[in-house]
1. Give me the aspartates and glutamates in straight-line cross-link reach of LYS65: C-alpha distance below 13 Å, same-chain residues under 8 apart excluded.
2. What lysines could a cross-link reach from LYS92, if we take a straight Cα to Cα line under 24 Å and drop same-chain neighbours fewer than 8 places away?
3. Considering only DSSP beta bridges with both partners in the stretch 134-266, what is the antiparallel share in %, to the nearest 5?
4. For a quick check: sort PHE5, PHE47 by the number of other beta carbons within 10 angstrom, fewest at the front.
5. For every helix of n ≥ 4 consecutive DSSP H residues, a contribution of -39,500 (n - 2.57) applies; sum these over the chain, divide by its total residues, and give [θ] at 222 nm rounded to the nearest 500 deg cm²/dmol.
6. Select from the chain the helices, each a whole stretch of DSSP H, whose alpha-carbon atoms run 20 Å or more along the helix axis and whose Kyte-Doolittle mean is at least -0.5; answer none if there are none.
7. Can you order the peptides 9-18, 287-296 by their average number of other Cβ atoms within 10 Å per residue, highest first?
8. Please give the net charge around SER125, taking every other residue with its beta carbon less than 15 angstrom from that of SER125, where Lys and Arg add +1 and Asp and Glu add -1.
Amino acid sequence: MIKQFTSLYDMMEAFPDEQSCIDHLRSIRWKTGAHCPHCGSTKVYHFKDNRNHKCGDCKKRFSIKVGTIFEDSKISLRKWFMAIWLITSHKKGIASTTLARDIKVTQKTAWFMLHRLRHAARTPSFNRKLKSPVEVDETFIGGKEKNKHAHRRTKTGRGPVGKDVVWGALERNGEFRAVHIPHIGGVKGMVDCHVEKWSTVYSDEYAGYRGLGKEYHHLTVNHSSGEYVRAYHIHTNSIEGAWSHIKRQIYGIHHWISSKHTFRYLAEMTWRYNRRDIDDGQRMNEFFGRVDCRLTYKELIA
């Protein structure tokens, strides 16, 4: 039976030892029956220790952690469970330094753990396009050029220069997506990629969206002239609110993130934002259904 909990205290009472964590993970990963992570066979034998298993076809031994983000980790599942609770229930996430202190691991270990969790939160592929009404917008992430060391500054250090470009689309009463793109000139192509043709699309007056009216019902608001809402429904306020969540996490919790890992942080933030209306315990249990993936340290720092 899948356990339910509403606070970190309740969760730790629900999982007093390592075996209780294993049982809970097994109840979610194998809710339709045990299977081998190596060959997929359902002919699985269970050892008396209630932790190890053996495939009847490929003859390989494995535990419930094999094939997941927990594989080859020396960190106990109880500590992993605490990390998952913290990253899924805190609206602005958690810093690796804070996690290291809270669960008594090194900062390097906490950093790797959090990136494994972000890897699990990612969406491997968007299998459907967003439908109207959809708000689209772009934002910039990074520090000001004037605050950088002299040798790191660009010649023109104003506005978005030197910052990462993030494009987003929010389906009203639906899904929010945020994608790290190489340059701002690609925003129109992102709309074509993520939004269903002939949908109603709301944006600001940025010139990069010109021409959308040929294939979409495109409506804009002119922010530069102080216009933010027109006719009660033409606005980009919803996606602006989503950006504020993301930026409060980046600048308030992490202070700085590497351009190389921006897409990982976006995966974490959008996953949590899209589930903001469900209970913390339900959100955590849903996360357990996504742990069937691996990220090695070598891959992470490559």
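Each reported figure results from applying straightforward, stated rules to the coordinates on display, with no laboratory input. Please read these numbers as outputs of a predicted model, since none were measured by experiment. Because the Cβ atoms are built from the backbone with ideal geometry, glycine has one as well, and the counts that use them run over all protein chains shown.
1. Partners found: GLU18, ASP23, ASP292.
2. LYS79, LYS104, LYS108, LYS144, LYS163, LYS247, LYS260
3. Values: 16 of 23 bridges.
Percentage antiparallel, nearest 5: 70.
4. Values: PHE5 19, PHE47 11.
Ranked by crowding around the Cβ, least crowded first: PHE47, PHE5.
5. For the chain, the value works out to -10000 deg cm²/dmol.
6. Values: long enough: 107-121 (21 Å, -0.45).
Helices meeting the criterion: 107-121.
7. Details: 9-18: 14.0, 287-296: 15.9.
Highest mean packing first, the order is 287-296, 9-18.
8. Values: positive: ARG122, ARG128, LYS129, ARG177, ARG290; negative: GLU175.
Combined, the nearby Lys, Arg, Asp and Glu give +4.
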